Each structure stands twice: as structure tokens, then as C-alpha cells.
Amino acid sequence: MGVISNLMFAVGFKINDAGLREAEEQIQNVTSGIVGFGIAAGAALAGFGIASVHATSQFEKAMSQVQAATDSSADQMAETKELAKNLYSENFGENWSDLGQAITSVKQVTGQTGEALEDTTRNALLLRDAFGFEINESVKGADTMMKQFGITSDQAF
């Protein structure tokens, strides 16, 4: 029995408390549902947090490999990290490692940085995904055309 029912009984009222009992049960059910939802939401947020930490770890690992392979300075890597995030947000690369390898190949072959590196990497990934060309080989061909004919990456690809 609820608090109201106990109070009424103490004062001496005789009441039919069936409605109060039903309301109290409904409140308990709703409370249980809210608590269950809170636990589920907490578990989902914890899972999201773990996934976020894992993705950040994969990103940092890939960027460390790019830096080691290209001997880039800290300033150059800050720029490279931003272009990697841009490309990844446009759904380029199967994962951070794949994207890091593509950036590394393009940078090693062309020596590009900044927006030129981003554009050439994007074009190489598009060609690979559309036609199955190897990134390293397509970049070598495009680099030769860019140097010989003075054209842009977009035009070469």
C-alpha cells in the first residue's frame, strides 16, 4: 500500500485502495523501465567510448607510420593529419591504415604536401576503387605526366 493509503488508514478512513494500488504498480513499472533504459543507455555510451578510443588509436598509429615512412616534420604531420581526416570524412580509404598507406605512397612518389597531396591521394584512391589500379603505380604515372606536361593531378588522373 502506498503512503496515502497508510495515512488514510491511520486517520481512520476506510477507503477502497484498489485504484491507488494500481497507480502505484504503474509508477513502479515506469520507474523500472526508466532505470532499465538508463542502464542500456549507459552501456551504449560506454561502447561508443571504447570504439572512439580504438578509432583514435588506429588514427594515431597510421599517422605515426606515415611520419616514419615520409620523414615528415611535426608541422608537416599536423597538415597531413588534417588532410587524412578530410579524406576519411569523404569515405576514402577502407580504414585509417589503408588511408595512411595511400598518403605515404603519394607523398613518397610526388613529394607533395598540403592540398596537392590531398588531391592526388583522393584521385589515386578513386582510380583504385573504380578500376582496381595499384595506388603506387597510378601515382607514378600521374607524377610523370604532371612533371612532363606541367598538368595538375586532376588532369593527370
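The values are calculated or read from the model by the stated rules, or taken from the named source; none is laboratory data. On a predicted model such as this, the values are computed, not experimentally measured, just so you know. Methodologically, a virtual Cβ is constructed for each residue, glycine included, from the backbone with ideal geometry; neighbour enumeration extends over all protein chains shown. Heavy atoms of the whole protein, side chains included, go into the accessibility calculation; ligands, DNA and RNA do not. Shrake-Rupley method; radii C 1.70, N 1.55, O 1.52, S 1.80 Å.
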Along the Cα→Cβ direction, 7 angstrom out, place labels at ALA130 and ASN29. What is the inter-label distance in nm? 5.9 nm
Accessible heavy-atom area order of LYS147, LYS85, LYS107, highest first, probe of 1.4 Å: LYS147, LYS85, LYS107
In terms of Cα to Cα distance under 25 Å, which lysines are near enough to LYS107, apart from those fewer than 8 places away along the same chain? LYS61, LYS81, LYS85, LYS140, LYS147
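Length gain on complete extension for the stretch GLN65 to GLN108, per 0.36 nm per residue less the alpha carbon to alpha carbon distance? Before the final figure, lay out the partial values.
On the way: separation 43, 0.36 × 43 = 15.48 nm, distance 1.28 nm.
Result: 14.2 nm gained on full extension.
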Estimated FRET transfer efficiency when R0 is 30 angstrom, pair ASP154-GLU94 (beta carbons, to 0.05): 0.85
